[in-house]
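Notes follow once the structure below has been shown.
The values are calculated or read from the model by the stated rules, or taken from the named source; none is laboratory data. None of the values given here were measured: they were computed from a predicted structure. Glycine also receives a Cβ, built like all others from the backbone with ideal geometry; neighbour counts cover every protein chain displayed. Accessible surface areas use protein heavy atoms only, side chains included; no ligands, DNA or RNA. Shrake-Rupley method; radii C 1.70, N 1.55, O 1.52, S 1.80 Å.
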Amino acid sequence: MSALTPGFRGHRRTESDRVPPGQYLVEDFPVLSAGPTPSVATDGWTFTVVNETGERTVWDWTEFNRLPHESPTVDIHCVTRWSKLDTSWRGVSVDTLLADVETAADFAVIHSFDGYTTNVPLQDILDGQAWVATGYDGSPLTAEHGGPARFLVPHLYFWKSAKWVSGITLHDEDEPGFWERAGYHDYGDPWLEQRYQSGW
Amino acid sequence: MNDHVDGNMLAGALWQVFRPDITTAEGRCATCGMTGPVASLHVYTAAPGTVARCAGCQQVTLQLVQSANSMWLSTAGLSYLRFPNQLR
Ligand SMILES: [Zn+2]
């Protein structure tokens, strides 16, 4: 198995710079789910931001789709050890969603229609680092991948990119989410292999 | 005055909980109150951890996270687990 061409090795070296420790590359897009896939209709769909004083900002599907959209191409890293390079998405930047929201909060919780939650420091989803995505690879996001809309925060393990996203709440204190309460790491940096809560 | 004893005192009682076959223990869903054996839960494994949901209301009853050297068990979605008394 040593007969690799120099060109192939070079290619691999370039890619491996983009693969965090303990991860392997996949070409397909594995579907992970902690429950039955909810069917979330765009009819009646809303996205809600609630700041730390309880002020709500709500978009329905039509209003959301009128917001300026971006098309990020990013690498994603699942804590179950697969990584996928150059995934292309279409969505609304969290910067756009929070532009008119008054807040001094330090933390955010991302909420899903199925009751899933995940926590992130607010500064990790600002400045072009996170989106609410409604499109993947040139098509509307399918339900199995979190459609009609999922969160996308690619610099953290992919469990932070909540499927079937329904909104963001802002908080003064950190509030661990579904997996973070159950043993997974509070922050989840794939480059530091922050997979699990540390032991006692 | 010492008004408590240490956790070693739990060993006898919890021996009944952490015995091999937990699937026959009866759980009560904290959300809807439905009771049933652990074996009747709906379990999803294609996830970062294992998730068990109530067969009645689909709410999460139990989560299991496993790393190379630890296991975390969360039963926050159960109001109780009932174990038959064991003959000693
Ligand atoms: Zn239930």
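General remarks:
- Residue list for the stretch B:56-88, restricted to those being surrounded by 15 or more Cβ atoms within 10 Å (Cβ to Cβ) and within 10 Å of the ligand (Cβ to nearest atom): B:Gly56, B:Gln58, B:Gln59, B:Val60, B:Thr61, B:Gly77, B:Leu78
- Residue list for the stretch B:30-41, restricted to those being within 14 Å of chain A (Cβ to nearest Cβ) and surrounded by 15 or more Cβ atoms within 10 Å (Cβ to Cβ): B:Ala30, B:Thr31, B:Leu41
For every residue, the table says whether it meets (1) over 13 Å from the mean Cα position of the chain (by Cα); (2) within 16 Å of the ligand (Cβ to nearest atom).
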| residue | (1), (2) |
| --- | --- |
| B:Asp3 | yes, no |
| B:Trp15 | yes, no |
| B:Asp21 | no, no |
| B:Gly27 | no, yes |
| B:Pro48 | yes, no |
| B:Val51 | no, yes |
| B:Cys54 | no, yes |
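Residue-by-condition table, conditions (1) open to solvent by less than 30 Å² (accessible area, probe 1.4 Å); (2) more than 14 Å from every other protein chain (Cβ to nearest Cβ):
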| site | (1), (2) |
| --- | --- |
| A:Val79 | yes, no |
| A:Lys84 | yes, yes |
| A:Gly91 | yes, yes |
| A:Thr96 | no, yes |
| A:Asp100 | no, yes |
| A:His111 | no, yes |
| A:Tyr116 | no, no |
| A:Asn119 | yes, yes |
| A:Gln123 | no, yes |
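- Criterion violated by B:Thr50 - all others in (1) closer than 19 Å to A:Arg81 by Cα; (2) crowded, with 16+ Cβ neighbours inside 10 Å; (3) at the interface with another protein chain (Cβ under 8 Å from one of its Cβ atoms) satisfied: (3)
- Any pair with Cβ under 7 angstrom, 6 or more apart, that starts in the stretch B:56-78 at a residue that is at the interface with another protein chain (Cβ under 7 Å from one of its Cβ atoms) and closer than 15 Å to A:Tyr184 by Cα and ends at one that is aliphatic (A, V, I, L, M) and buried (at least 20 other Cβ atoms within 10 Å of the Cβ): B:Gln63/A:Ala182; B:Gln63/B:Val51; B:Val65/A:Ala182; B:Trp72/A:Ala182; B:Trp72/B:Val65; B:Ser74/A:Ala182; B:Ser74/B:Leu62
- Spans of strands (runs of 3 or more DSSP E) in the stretch A:84-200 with at least 1 residues farther than 27 Å from A:Trp61 by Cα, β-branched (Val, Ile, Thr) and touching a residue at least 40 places away in the same chain (Cβ under 8 Å): none
- Of all residues making up the stretch A:31-50, the number that are surrounded by 12 or more Cβ atoms within 10 Å (Cβ to Cβ) and within 14 Å of another protein chain (Cβ to nearest Cβ): 7
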